[in-house]
Structure formats: structure tokens, C-alpha cells
Amino acid sequence: MTAALPRQAAPPDEPSRPPEARGHVIRRRALTLLIIVLLIGVPAGYLVISAAQSRDSGKDKEAKYSATGLSKGWPSKVQRRLYEVPVPHPSVNVAYYETNNWRTSRLYVQFQTTNAGLDEFLADLGLTRADLVKGEIAVNERDQGITGWDFTGPGARPGDNLGLVKEQKNPKPTLDIVVNTWNAGNPFVYVVSRTSP
């Protein structure tokens, strides 16, 4: 059995405290509860909001990268430089789509331009109209399926399509080009640029 220790008495020079008033006790407890709620509730609320935003952002990115087919608008300057697809000014009906995997990266681009724009596009690639082959469909069926391009469907006239494949050594991209001249003053250009890292 252990011996009980004697209680230490308060020092004689310290006055005893008066008992706390009921209202003061309630205010002190309410203030303590408020501080606890703020210390726990605010960070917890922040975490919930942050998690919801992160989840929504992930869904947006997933939708963006799982999309198939062309998106309206111009590819970025970096994409145009990397894949060597110099879309000329002026151009309309511009759309693009990029795919990447461990073997090959592709940029699909379509645009409608003027005859001068077509000449500028070809010159930027070191080509001329004389390099285009009449009736040549340089874009393969797989790539046509991905983009929805149809060069041989109803209403298509084989003589309206000119094409070529510009092959280059890695890391430079290979370009499959089809030019549709149905609208003689405003040709439509289709390009598939592919590169292997």
C-alpha cells in the first residue's frame, strides 16, 4: 500500500479567488468552443473545397484528352513549330487534333486558305505546287477515320485532290499532305504530321 501524500496548502500571501459567475462560465465555454470550431472547421472546409476542385479539374482534363476528332481553332505556336505545320494567314475553318503515345506523336490539322496562302504554306516546307501529285491521297485510311476526313466519299472528285508525303529523318516529322482544290480560289489543306521520339 502506498502512503497518501499530504495536500499542499495555498500560500498564505495569495488571496483566494472568488467563484466564477455563471454568465462568465458560459461566455468562456462559448469562446473555447468557437476557437475549437475555427481551428478544426476552417481547415476541414478548405480540404473539402480543394478536393472537389481537384476532382472537377481531373474530369475536365480527362474529357479533353479522351476526346476524339478535330477541335476548332489553331494549334499552339509550339505545336506548329514542333510538327512543322506552318498554318498561313489568312486561313479559315482551322481545326486540329493531337495524339501521343510511346511510339508516335501525330498532329492533324486542316485549314482553308487562299492560293497565295497555299503557296506560302508549301514554300515554308520547301515545296511548290509542282511537288503535289494529282489524285494522290497521302493521308491513310486510319488517319482519315480519326479525323472524319473523307476524300473519296459521295460528291468527291478525284481530280480535285493533290497530295504528297514529305519524309524527313528523325527527329523531324513526316508530313502527309492533301490539298483539295474543289474551290479553286480557296483550297482546303489537310495535314498529318507524325514524329517518333
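The values are calculated or read from the model by the stated rules, or taken from the named source; none is laboratory data. The structure displayed is predicted, hence computed values, not measured ones. Cβ coordinates were reconstructed from backbone atoms using ideal geometry, including for glycine residues, and neighbour counts include every protein chain displayed. In case anyone asks, the SASA skips ligands and DNA or RNA and just uses the protein heavy atoms, side chains included. Shrake-Rupley method; radii C 1.70, N 1.55, O 1.52, S 1.80 Å.
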Would it be correct to say that ASN170 is in contact with a Ser or Thr (Cβ under 6 Å, 6 or more places away or on another chain), assigned to a loop (DSSP other than H, G, I, E, B) and open to solvent by 40 Å² or more (accessible area, probe 1.4 Å)? yes
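To keep it simple, each residue is scored yes or no on (1) in contact with a strand residue (DSSP E or B) (Cβ under 8 Å, 6 or more places away or on another chain); (2) at pLDDT below 90; (3) within 25 Å of SER196 (Cβ to Cβ).
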{"position": "ASP131", "(1), (2), (3)": "yes, no, yes"}
{"position": "VAL139", "(1), (2), (3)": "yes, no, yes"}
{"position": "ILE146", "(1), (2), (3)": "yes, yes, yes"}
{"position": "ALA156", "(1), (2), (3)": "no, yes, no"}
{"position": "GLY159", "(1), (2), (3)": "yes, yes, no"}
{"position": "VAL165", "(1), (2), (3)": "yes, no, yes"}
{"position": "LYS169", "(1), (2), (3)": "no, yes, yes"}
Residue pairs qualifying under the 8 Å Cβ cut-off, at least six apart or on distinct chains, with the first in the range 93-120 being free of Cβ contacts under 8 Å to residues at least 60 places away in the same chain and in a strand (DSSP E or B) and the second being among the polar types (S, T, N, Q) and open to solvent by 50 Å² or more (accessible area, probe 1.4 Å), are ALA95/SER71; TYR96/SER71; TYR97/THR68; TYR97/SER71
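If you check GLY45, GLY58, which single one turns out to be modelled with pLDDT under 65, open to solvent by less than 90 Å² (accessible area, probe 1.4 Å) and over 30 Å from VAL191 (Cβ atoms)? Write out each step before concluding.
Working: GLY45 fails: modelled with pLDDT under 65.
Just a single option satisfies the conditions, and that option is GLY58.
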Residues of the range 101-124 satisfying the condition of being in contact with a strand residue (DSSP E or B) (Cβ under 8 Å, 6 or more places away or on another chain) and either under 16 Å from SER76 (Cα atoms) or crowded, with 18+ Cβ neighbours inside 10 Å (or both): SER105, ARG106, LEU107, TYR108, VAL109, GLN110, PHE111, THR113, GLY117, LEU118, PHE121
Tell me, yes or no, whether the range 149-161 has at least one residue that is part of a strand (DSSP E or B) and surrounded by 17 or more Cβ atoms within 10 Å (Cβ to Cβ). yes
Conditions first: (1) outside any loop (DSSP other than H, G, I, E, B); (2) open to solvent by less than 70 Å² (accessible area, probe 1.4 Å); (3) closer than 18 Å to ASP150 by Cβ. ALA138 passes all but one, so which condition is the exception? (1)
